[in-house]
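Chemist: If you scroll down you'll find the structure; I have some questions about it.
The values are calculated or read from the model by the stated rules, or taken from the named source; none is laboratory data. Source: prediction; values computed, not measured. Note that we place each Cβ from the backbone using ideal geometry, even for glycine, and neighbour counts take in every protein chain shown.
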Amino acid sequence: MDKLIIEGARKLQGEIRISGAKNAALPLIAATLLAPGWHVIHNVPDLRDTRTILALLETLGAEWKREGSTLLVKTDSLNNFEASYELVKTMRASILVLGPLLARMGKARVSLPGGCAIGARPIDFHLLGLKKMGASLDLEDGYVTASVKKKLSGGTIYFDVPSVTGTENILMAAVLAKGETVIKNAAREPEITNLVDMLISMGARIAGKDTDRLTINGVKSLKPAEITTIPDRIETGTYLIAVGTAGGEANLTHCNPSHLPSLIEKLRAAGLTVKDSGNSIYVSRPAKVQSIDIKTQPYPGFPTDLQAQLMALMSLATGLSVITEAIFENRFMHVAELKRMGAEIKINGNSAIVKGIAQLKGAQVMATDLRASASLVVAGLAAHGVTEISRIYHLERGYEDMAGKLKALGARVRKEKE
């Protein structure tokens, strides 16, 4: 395994390009299962997670090739409907093949998903929705086995809580179902809009884009798609916060500022200068950062995937901040590692009370999940001394060439074998 070594307390300065969104690319790749032919997906990041889902599609009979950041996927000859534990255990998004496999092949066997240990994240919504559409489901030996006699049928599906992957899975199942499917209280993340655009380009009939009510009228068949993956709003947010924590100024290009309304508002409230123009964002930090409170919420609220990074920023802010995690019940595992660097943080239920201090100190820390890894990088960039982050395979699941991009901003960062 690799570790990341950061020599901190250096201001960041320069320009970097934001990659395509991991959380958009994965469902786009899964959606290629719905129609035979060559699909073309532009702006696909080269990450552990994208490589994992492509390996999964290979086991199902698909072919693929990469030309730079463009991915070509051929799904003519699907000959398997099982997603094995060996692949699914490393990435929760593997569950996204369940809906399209069931819609196209009438059957699917998918291992219960793994990924980051940030909470239960049950797939109940996926299963209840598919059951309402006529699927027979069986949970045995850690696998979901699903089948339908003829064809899935439309129905009305209500999510008690907006579920991103749940919405995506039901969307992909519904586009080839018989009749009309209505998803109520659907998630509204930009990644879902990206998927809807792809499905519509394939011939799907979907109304309600960008809203919490999606209406899908099933069609008999779909055609291959050409689509561009949206910019990664979480990567964008991570680098904005990194500049705010370490100091300096940077310009982030090929991003979409409109996908980060709550973060930009909060960073400005903390005293940062944030200027967005078209597809770029300029950020700089004043001498002092003011404490702010946040509560994670479904989009367009503050993203849970940026909570850990913002906590690193608040550990150096003036005053007290309260950070409330309302999405996942176990997403404070980075707190113990930040405290090893000197941060003053107390946990009270699902809230963290952060008292800003003058400086963090480099330390040996361990990544526990993807976004926790990013928070340790953010803290390490600002810390005095050397920070060693172990188990960075978590980080490489979701950030394309983070070390290279940070070096472009003047950071002293290197990867070494543990």
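Chemist: Here is a list: Leu313, Leu252. Which entry is more than 24 Å from Pro190 (Cα to Cα) and touching a residue at least 60 places away in the same chain (Cβ under 8 Å)?
Modeler: Leu313
Chemist: Report yes if Ala207 is surrounded by fewer than 21 Cβ atoms within 10 Å (Cβ to Cβ), modelled with pLDDT of 95 or more and of a type in the set (A, V, I, L, M, F, W, C), otherwise no.
Modeler: Yes.
Chemist: Would it be correct to say that Tyr282 is among the aromatic types (Phe, Trp, Tyr) and either within 23 Å of Ala31 (Cα to Cα) or touching a Leu at 6+ places or on another chain (Cβ under 7 Å) (or both)?
Modeler: In short, no.
Chemist: Of the residues Ile264, Ile292, which single one is in the same structural domain as Glu235 (by TED's automatic domain parsing), crowded, with 19+ Cβ neighbours inside 10 Å and part of a loop (DSSP other than H, G, I, E, B)?
Modeler: Only one candidate passes the filter, namely Ile292.
Chemist: Looking at Leu199, Leu214, can you tell me which residue is under 30 Å from Trp38 (Cβ atoms), assigned to a strand (DSSP E or B) and in the same structural domain as Gly99 (by TED's automatic domain parsing)?
Modeler: Checking each option against the conditions leaves just Leu214.
Chemist: Select the helices (runs of 4 or more DSSP H) contained entirely in region 322-418, then report the ones holding at least 1 residues which are free of Cβ contacts under 8 Å to residues at least 12 places away in the same chain and within 27 Å of Ser19 (Cα to Cα).
Modeler: Per the criteria, 402-408.
Chemist: Separate question: Of the residues Val73, Val97, Val88, which single one is buried (at least 23 other Cβ atoms within 10 Å of the Cβ) and either more than 22 Å from Asp141 (Cβ to Cβ) or among the hydroxyl-bearing types (Ser, Thr, Tyr) (or both)?
Modeler: Val73
Chemist: If you don't mind, there's one more thing I want to ask. I need the strands (runs of 3 or more DSSP E) fully contained in region 126-172, keeping only those with at least 3 residues that are free of Cβ contacts under 8 Å to residues at least 12 places away in the same chain and either among the acidic types (Asp, Glu) or out of contact with any Pro (no Cβ under 7 Å at 6 or more places or on another chain) (or both).
Modeler: Hits in region 126-172: 136-140.
Chemist: Next question, about the same structure. Considering only region 202-237, state which residues are β-branched (Val, Ile, Thr) and within 30 Å of Ile264 (Cα to Cα).
Modeler: Residues satisfying the conditions are Thr211, Ile227, Thr228, Thr229, Ile230, Ile234, Thr236.
Chemist: Hey, another quick one. Condition first: in contact with a helix residue (DSSP H, G or I) (Cβ under 8 Å, 6 or more places away or on another chain), under 22 Å from Asp160 (Cβ atoms) and not in a strand (DSSP E or B). Now tell me which residues in region 180-195 satisfy that.
Modeler: Correct list: Ala186, Ala187, Glu189, Glu191, Ile192, Leu195.
Chemist: Identify, from the list Thr50, Thr32, the residue that is of a type outside the set (Lys, Arg), crowded, with 21+ Cβ neighbours inside 10 Å and without any contact (Cβ under 8 Å) to a residue 40 or more places away in the chain.
Modeler: Just one listed residue meets the conditions, Thr50.
Chemist: Could I ask something else about it? Out of region 305-344, which residues are surrounded by fewer than 19 Cβ atoms within 10 Å (Cβ to Cβ) and among the hydroxyl-bearing types (Ser, Thr, Tyr)?
Modeler: Thr318, Thr324, listed by residue number.
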